[in-house]
Amino acid sequence: MIRVTVEQIDGDVVRPLATATIDPVGAITNADNVGDYAIQLSRFGRPGAWKTGRLTGFPRRVLGGWDLVFRCLDVMVGFRDRKEPEE
């Protein structure tokens, strides 16, 4: 399992914001060139998962950990081009 935690740090104060959990689906061996992963995104302080999903066919022997995180986020939330709210 891979866990990515997003925190805001202000001096000595650490405020957790969100967590992503990325679990391989099925057994992955060193011979496997691709992997499938179950994804769960959570917001801190809110019970349960915010979103759940799956990434399939990730080329795990070619790409690294940040590529895995990026692709999981792309699957779960995609590209967001949000405008700032008007005041």
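Since every read-out is calculated from the coordinates, none of them should be taken as a lab result. Not measured: the values here are computed from a predicted model. We place every Cβ from the backbone using ideal geometry, glycine too, and count neighbours over all the protein chains shown.
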In terms of the Cα gyration tensor, with a ≥ b ≥ c the square roots of its eigenvalues, is the chain rounded because a/c is under 1.5, prolate because a/b exceeds b/c, or oblate? prolate
Let me check against my output: what whole-number percent is the relative contact order of the chain, with C-alpha pairs under 8 Å and at least 6 apart? 20
Rounded to the nearest 20 debye, what is the charge dipole size of the chain about its Cα centre when +1 sits on each Lys and Arg Cβ and -1 on each Asp and Glu Cβ? 320
